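*Asks:* Before I ask anything, here is the structure I am working with.
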């Protein structure tokens, strides 16, 4: 077992001999075996135990057991008690989720404070087979089928090569003691279904299921890497970012597999079904359509997909009559009051009649229902209609600001001033504004 | 059902409305439903039924049933009776395998004779879920996890979108009749384990398992396509062929995933474990090593992998004294007997003393144990040692021929003549040979 353990650490490059590893030890047979293997290998390690206080006295006995184990192997021992039930209630999440959050928050803290290289958990092959079957039942992509990785996000799993029975055999051979976990939450219920009802049937079909799965998991891991390579290739070639917007050239994704597009838009909260929907839009050339995730929206433009944060927050800013600068989340305005009649005419500039403005002015996001009188026009126009006529793309609409004077829109910042505030022959002072975008 | 059926055919581009499709109909509910849907859609189709004569009278009743079905829908009916048991016994294969071979041979024949566009089978979603679980149990790559394809190798599966229960509901709603299959072979036994023991548990974990699997299968299909794209890319850039040899530039595969290499060498009978082994060799720079499949060997050279057919067959050829040409699977020799003493010295040429040769000469493959006296040397040398000294690559060794005169090697064709047969000052007639390679 020790040799297989060391080989696995080497082959998977989990850590270097001099690294300091934090073992997450519950006191169950897996984590006790992990501890003993670390000790036997002579590695540099400490032990962390979470007491979630979910099983009363039993939880405390677990803690005492792990403490004694740490002493017996001469490892530094960290323990923390959590009021898991309360945390779950306050955060309105499941107890399992709460335990998970509490555990990883604390581990991150320990890593930062004591500079561990990684956290080691005692997940083994059976766990991984169950994970894959669970993912398969619940629906998954290739990442779900390769199961847990030996090394991922600062967590290493040095027992992932070993089956549960190999670990138990090792524990017996070494005369180890451990604690049995009596908890039975819903995750555990599902796990038990898989462990006791599905896996035995799979083993009837294939008695060498463990070896078979080791290989299948490896293949899936590699296949995922090939997928990611391809995604990175497309990303490098067809994706650009500007500020908080992401631009995906349609030629880079059209006629390709939806799983590729899924990977590209997943970071923004979109899923596979939306990637498929998007493909269907692209096939039917229905530009102008929009998809929404919980945080982003994706706009299908003629030749690009534009992903932009939803509901750009723009806080209102007031401008006193003598303010020379103001800025919000998206723009910065630089102001100068002049007496010569030189009018600024650039797209990002405006010249208004100072004496018609009522201070303080207000810089704010445009709102549905806003109207103004576009320069050169007699009638009023809805800003929403103006933006359609101007073909302002959806992602930019989110960031259109107006400069308001006593409830009237004086300037759609960066687009058009209001006719009522324009500079006239008889204007005395000119309110010159230059806009800079904050992205 | 009809709409979903037509949508699926469209979306998956299974065939065009005017195409002529051959339906494989056993008489079970799935294939009867398939038949009725083809009829309702107004497609152009015929029906083929295999009578494997494995269930006595029942088999004949099935046949009569399908014949009546074909008549009722006005479709041309093809039937063939097979002596499956006997075929299996003679070919020394399982009954299932025999049935499979017989079926597809006959279908191919029908397709060729009546120019059908494709064969349609009645495989459905449940079959596909079972296939994936079966592959997962037995060990698989991504191709096993995407299950059967809607369209593959001339077979289309227009019901692959539908669950078994949807098909049965449709059959009931249409008042259809069908035959129940009472057979129970070993494949069916394993299928039943999956169907009755695993799938119900998965459905307990996820009641929408069918929809979930539809999506997962689609994702896997696409992921496989991404893998194949990458394989094709590497193939185009790093693989070349010459004759029956395949050359893979090591730089094209080293530090990449073993699944890629597996796909590259799979056509030659190598598997994933061998791809992994190969990677380990490449990492340790152990060139000169060799891998064997049942038909090919793979030689690790310094910068390339050479895949070549094993045991190149080279039939012996005899040369009469006046023969001017001879050829075998790998070389062709063109002969001229001359009296002037101009000696051919090119690599692919030889000049021998005609009067020392004993006809008929024999052109044959070299053999272990062959010896000769290399030109200019006094002693004998094993041809195997000579080839090592000459650094003849493994793939070419398979194709080295010798020209033999009365049991003595006179020429290692294309490499070196034997000293005993060289042209001397007193030689009268010169036996000039020019070799051309047949690849």
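*Asks:* Per DSSP H run of at least 4 residues, take -39500 (n - 2.57); add these up for chain B, divide by its residues and hand me the 222 nm value, nearest 500 deg cm²/dmol. Show your work: numbers first, answer last.
*Replies:* Values: 15 runs with 172 residues, N = 439.
That calculation yields -12000 deg cm²/dmol at 222 nm.
*Asks:* OK, next. Give me the distance between the Cα centres of the range A:248-274 and the range A:186-221, rounded to whole Å.
*Replies:* Here the answer is 31 Å between Cα centres.
*Asks:* Given chain A, what percent of its DSSP beta bridges are antiparallel, to the nearest 5?
*Replies:* Values: 50 of 66 bridges.
Restricted to chain A, the bridges split so that about 75 percent are antiparallel.
*Asks:* Within the range A:346-367, whose backbone N sits under 11 Å from a point 7 Å along Cα→Cβ of residue A:321?
*Replies:* A:355-360
*Asks:* What share of the DSSP beta bridges in the range A:2-209 is antiparallel, in percent to the nearest 5? Mind dumping the intermediate values first?
*Replies:* On the way: 2 of 18 bridges.
Approximately 10 percent, going by the DSSP bridge assignments.
*Asks:* Sticking to Cα atoms, compute the Rg of chain A to one decimal and its Dmax as the biggest Cα-Cα distance, whole number, in Å.
*Replies:* 30.8, 100
*Asks:* Arranged by the count of other C-beta atoms within 10 angstrom, fewest first, what order do A:168, B:66, A:300 take? Don't jump to the answer; show the numbers that get you there.
*Replies:* On the way: A:168 16, B:66 27, A:300 20.
Neighbour counts put them in this order, fewest first: A:168, A:300, B:66.
*Asks:* Using the basic label-point model (7 angstrom from Cα toward the beta carbon), what is the residue A:181 to residue B:100 distance in nanometres?
*Replies:* In this crude spin-label approximation the distance works out to 4.1 nm.
*Asks:* List A:105, A:30 from most exposed to least, where exposure is judged by having the fewest other Cβ atoms within 10 Å. Write down the numbers at each step before the final one.
*Replies:* Values: A:105 12, A:30 23.
Lowest count first: A:105, A:30.
*Asks:* Let me ask something else about it. Determine, for B:81, A:50, the number of other Cβ atoms within 10 Å of each Cβ, and report the residues in order from fewest to most. It would help to have the intermediate numbers written out before the result.
*Replies:* Working: B:81 13, A:50 24.
Placing the least packed residue first, the sequence is B:81, A:50.
*Asks:* Under 1.5 on a/c is rounded, so check that first for the range B:83-235, then, if it is not, pick prolate when a/b is larger than b/c and oblate when it is not; a ≥ b ≥ c are the square roots of the alpha carbon gyration tensor eigenvalues. Walk me through the numbers on the way to the answer.
*Replies:* Numbers: a/c = 1.39, a/b = 1.10, b/c = 1.26.
Here the range B:83-235 falls in the rounded category.
*Asks:* What's the center-to-center distance, using Cα atoms, between the range B:391-417 and the range B:17-72 in Å?
*Replies:* Cα centroid to Cα centroid, the span is 60 Å.
*Asks:* Take residue B:215 and residue A:426, extend 7 Å from each Cα along the Cα→Cβ direction, and tell me the distance between the two endpoints in nm.
*Replies:* 6.7
*Asks:* With the Cα gyration tensor of the range A:1-141 giving a ≥ b ≥ c as the square roots of its eigenvalues, does the rule (a/c under 1.5 for rounded; else a/b larger than b/c for prolate; else oblate) give rounded, prolate or oblate?
*Replies:* Working: a/c = 1.72, a/b = 1.19, b/c = 1.44.
It is oblate, given that a/c is not under 1.5 and a/b is not larger than b/c.
*Asks:* Which one of A:348, A:92, A:299 has the biggest mean-square fluctuation once chain A is modelled by GNM with Cα springs under 10 Å?
*Replies:* In this elastic network of chain A, the residue with the biggest mean-square fluctuation among A:348, A:92, A:299 is A:92.
*Asks:* Efficiency by 1/(1 + (r/R0)^6): what FRET value for residue B:4 and residue A:114, r their Cβ-Cβ distance, R0 = 56 Å, to the nearest 0.05?
*Replies:* On the way: r = 59 Å, r/R0 = 1.06.
Between residue B:4 and residue A:114 the formula returns 0.40.
*Asks:* Can you tell me the relative contact order of the range B:2-219? Whole percent, Cα pairs under 8 Å, sequence separation 6 or more.
*Replies:* Relative contact order of the range B:2-219: 25 percent.
*Asks:* Can you give the angle from 0 to 90° between the axis of helix A:164-173 and the longest principal axis of chain A, with both taken from C-alpha atoms, to the nearest 10?
*Replies:* Helix A:164-173 sits roughly 40 degrees off the main axis of chain A.
*Asks:* Defining a contact as two alpha carbons under 8 Å apart and six or more residues distant in sequence, what relative contact order in percent does the range B:243-309 show? If you can, show how the numbers build up before the last one.
*Replies:* Values: 90 pairs, mean separation 25.8, N = 67.
For the range B:243-309, the relative contact order is 39 percent.
*Asks:* Over all pairs of distinct alpha carbons, what does the Kirkwood formula give as the hydrodynamic radius of the protein assembly as shown, in Å?
*Replies:* After inverting the mean inverse Cα-Cα distance, the result is 35.0 Å.
*Asks:* How crowded by other chains is B:260-266, given as the mean number of beta carbons from other chains within 10 Å of each beta carbon? Mind showing how you got there, number by number?
*Replies:* On the way: counts 5, 1, 2, 1, 0, 0, 0.
Across the residues of B:260-266, the mean count of other-chain Cβ atoms within 10 Å is 1.
*Asks:* Ok, one more. Return one number: the angle in degrees, 0 to 90 and rounded to the nearest 10, between the long axis of the Cα atoms of helix A:95-114 and the longest principal axis of the Cα atoms of chain A.
*Replies:* Tilt relative to chain A: about 90 degrees.
*Asks:* Between the range B:305-329 and the range A:287-334, what is the separation of their alpha carbon centroids in Å?
*Replies:* 77
*Asks:* Classify the range B:232-314 from the C-alpha gyration tensor, please: rounded if a/c falls under 1.5, else prolate or oblate depending on whether a/b exceeds b/c.
*Replies:* Values: a/c = 1.45, a/b = 1.27, b/c = 1.14.
Rounded shape, in that the Cα axes give a/c under 1.5.
*Asks:* If you take the beta carbon distance between residue B:81 and residue B:153 as r and set R0 to 22 Å, what does 1/(1 + (r/R0)^6) give as a FRET efficiency, to the nearest 0.05? Don't skip to the end; give the middle numbers.
*Replies:* On the way: r = 26 Å, r/R0 = 1.16.
About 0.30, to the nearest 0.05.
*Asks:* While we're here: Just the number, please: percent antiparallel of the DSSP beta bridges in the protein assembly as shown, rounded to the nearest 5.
*Replies:* Numbers: 100 of 132 bridges.
Counting only bridges with both partners in the protein assembly as shown, antiparallel ones make up about 75 percent.
*Asks:* Would you calculate the convex hull of the Cα atoms in the range B:317-437 and tell me its volume per residue in Å³? Before the final figure, lay out each step's value.
*Replies:* Values: hull volume 11.8 nm³, N = 121.
Dividing the Cα hull volume of the range B:317-437 by its residue count gives 97 Å³.
*Asks:* Under the definition of Cα pairs under 8 Å and six or more residues apart, what whole-number percent is the relative contact order of chain A?
*Replies:* Values: 674 pairs, mean separation 48.8, N = 439.
Result for chain A is 11 percent.
*Asks:* Quick one: label points 7 angstrom along Cα→Cβ at residue B:7, distances to the other copies in nm, smallest first?
*Replies:* Those separations, rounded to one decimal, come out as 5.2 nm.
*Asks:* What is the helix-to-structure angle for B:29-41, meaning the angle in degrees between its Cα long axis and the longest Cα principal axis of chain B, kept from 0 to 90 and rounded to the nearest 10?
*Replies:* That helix lies at roughly 80 degrees to the long axis.
*Asks:* What's the extension gain from residue B:367 to residue B:71 if we count 0.36 nm per residue and subtract their Cα-Cα distance? Each step should come with its number before you reach the end.
*Replies:* Numbers: separation 296, 0.36 × 296 = 106.56 nm, distance 6.49 nm.
So the extension gain works out to 100.1 nm.
Throughout, read-outs are computed from the coordinates displayed, never taken from laboratory work. Bear in mind that the values here come from a model prediction, so they are computed numbers and not experimental data. Cβ sites come from the backbone with ideal geometry, for glycine too, and all protein chains shown count toward neighbours.
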